[in-house]
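Please read the structure below before turning to the comments.
The values are calculated or read from the model by the stated rules, or taken from the named source; none is laboratory data. Small disclaimer: the values here were computed from a predicted structure and weren't measured. Quick reminder, even Gly has a Cβ in these numbers, built from the backbone with ideal geometry, and neighbours come from all protein chains shown.
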Amino acid sequence: MDILYAKQRATAAQVMECLVDLFVYSAVRTLLTTLENKGFVTHERDGAKFVYIPTLHPQKAGRSAIAHVIQTFFNGSRGRAALALLDVAPSQFSEEELDELAGLIEKARAKSRGGRR
């Protein structure tokens, strides 16, 4: 998907050229077909070739991927997933990122209190 988002549209051969791991053409086509069946991409014909185009906005696709990761690796716990993401040296966060995180936590607390402070 990241290749399709970067290129905006690509054939299976173009996707295959961008992959760091070696994949056979049929595997890339199968993956693109699976993504199309799930509604993540669509295709147009260009002669005999299919040109694949992402259908989901990258942010929506990201939210879907994160939800899957949370369910798969953290047993549905957003808190445990957040802790795993934050398990880095404090120096790796900018002041802006720390402010943003603090704001998100405060917003979540306010919502859990029903908007009361």
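How many residues, within the stretch 24-65, are among the basic types (Lys, Arg) and in a helix (DSSP H, G or I)?
3
Can you name the residue in the stretch 30-55 that is out of contact with any strand residue (DSSP E or B) (no Cβ under 8 Å at 6 or more places or on another chain) and on the phi < 0 side of the Ramachandran plot and is also surrounded by the most Cβ atoms within 10 Å (Cβ to Cβ) among such residues?
Checking each candidate, the answer is LEU31.
If I go through the stretch 66-89 residue by residue, how many of them are among the β-branched types (Val, Ile, Thr), in a helix (DSSP H, G or I) and surrounded by fewer than 11 Cβ atoms within 10 Å (Cβ to Cβ)?
In the first step, residues of the stretch 66-89 are kept if they are among the β-branched types (Val, Ile, Thr); the result is 66, 69-70, 72, 88.
Filter again for in a helix (DSSP H, G or I), leaving 66, 69-70, 72.
Still in the list and also surrounded by fewer than 11 Cβ atoms within 10 Å (Cβ to Cβ): 72.
Number of matching residues: 1.
If SER112 meets every condition in (1) under 25 Å from ALA12 (Cα atoms); (2) exposed (fewer than 11 other Cβ atoms within 10 Å of the Cβ); (3) not assigned by TED's automatic domain parsing to the domain that holds ALA13 apart from one, which number is that one?
Single failed check for SER112: (1).
List, please: which pairs have Cβ atoms under 9 Å, are six or more places apart or on different chains, and start with a residue in the stretch 34-49 that is β-branched (Val, Ile, Thr) and end with one that is in a loop (DSSP other than H, G, I, E, B)?
Listed by first residue and then by second, the contacts come to THR34/PHE40; VAL41/MET1; VAL41/THR55; VAL41/LEU56; THR42/THR55.
Can you find, within the stretch 1-23, the residue that is nearest to the chain's Cα centre (by Cα) among those that are under 13 Å from VAL51 (Cα atoms) and in a loop (DSSP other than H, G, I, E, B)?
So, considering only residues that are under 13 Å from VAL51 (Cα atoms) and in a loop (DSSP other than H, G, I, E, B), the one nearest to the chain's Cα centre (by Cα) is GLN8.
Can you pull out the residues in the stretch 50-72 that are closer than 15 Å to ILE3 by Cα and either among the small types (Gly, Ala, Ser) or touching a residue at least 12 places away in the same chain (Cβ under 8 Å) (or both)?
Correct list: VAL51, TYR52, ILE53, PRO54, THR55, LEU56, PRO58, ALA61, GLY62.
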